Amino acid sequence: MTSFDPLRFVPWTVRRLSKTFRGMVSTILIPAAVLALAVCMGPLALADSAEALFLAHCSSCHGAGGEGGRGPRLNVPRLLKAPDDAALSTVITNGVSGGAMPGTRMTTEENRQLVAYVLGLGRAEAVEFPGNRQRGESLFWGKGNCGACHTVGPRGQRLGPDLTEIGARRGPAHLRTSLLDPEAEIPDNFSVYRRVILMPDNFLQVRVVTADGKQLTGVRLNEDMLSIQLRDYSGGLHSFLKSELRELDKDWGKSPMPSYRNTLTEAEVEDLVAYLVSLRGGSSD
């Protein structure tokens, strides 16, 4: 006696489609779902050690060894914004108000592990950078003429960012790139969504023509729907109502800072980077 097969009464085309669908589920949909889950769970799957937590959440800005990059160096004896465990835990959780670092969601235990790991980076043996910082200081104020735009302590001009603590805020590789290719990290527009808004993203060179025909070029300091404030390249401060300007042009992706690629030798670039790395707001660390 033969067993009853309900599929005998289903049209052949329907049975064929059923087999095809089952094949799609096994060969395409299930692997795709697994891949999507792996992508979504990647940081969680990695977070089984303090080092993995650091690599997943911190290394893209602070460097794999805490040597710094877009974010400040962490392999130092004392962190400027997080001098103790509690402060560092708060910075990890909430980020830095008004700064580039966002808050990070993680468990209390993961936070504790990450705090211990970051503080441990500062106890590692100090890394000597190539270059001579004394020669670099002479280059900064002399041949490089960096003081014409930047301040270190009370000395210099305020057109560009203050560099008094730049060694605590940026790593040597990032500083080198800034010297050789200063426009590398200035965005050419603000239309692309960025999970993390970095300091260079706030920079914008603007050109204005006033109602009486006066032309000014400078760095935007502040802007709202009705007005714009800028500092011109002589250091003068200006505030304009947009309705009173004949022209307002924004030079996306442009920087007034020159590249030193053809100005300084390789040894001089290393010396200048060594000097910048040493600038930690009066700290000798």
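Structure data summary
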quantity	calculated
Cβ-Cβ FRET estimate between L245 and R155, R0 fixed at 45 Å, reported to 0.05	0.85
Highest average packing first - 240-253, 62-75, Cβ atoms within 10 Å	62-75, 240-253
Share of Cα-Cα pairs in segment 71-120 lying beyond 12 Å, as whole percent	62 percent
Distance violations [Cα-Cα > 25 Å] among K143/K214; K214/K242; K214/K250	K143/K214
Calculated P(r) of segment 205-251 - Cα pairs past 15 Å, %	31 percent
Sorted largest first, extent of segment 69-169 alpha carbons per principal axis (Å)	51, 32, 19
Extension gain (nm, one decimal) between E266 and K143, 0.36 nm per residue minus Cα-Cα	42.9 nm
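Here, each number is a calculation from the coordinates, and none is a lab measurement. As the structure is a computational prediction, the values presented were derived from the model and not from experiment. Note: ideal-geometry Cβ built from the backbone for every residue, glycine included; neighbour counts use all protein chains shown.
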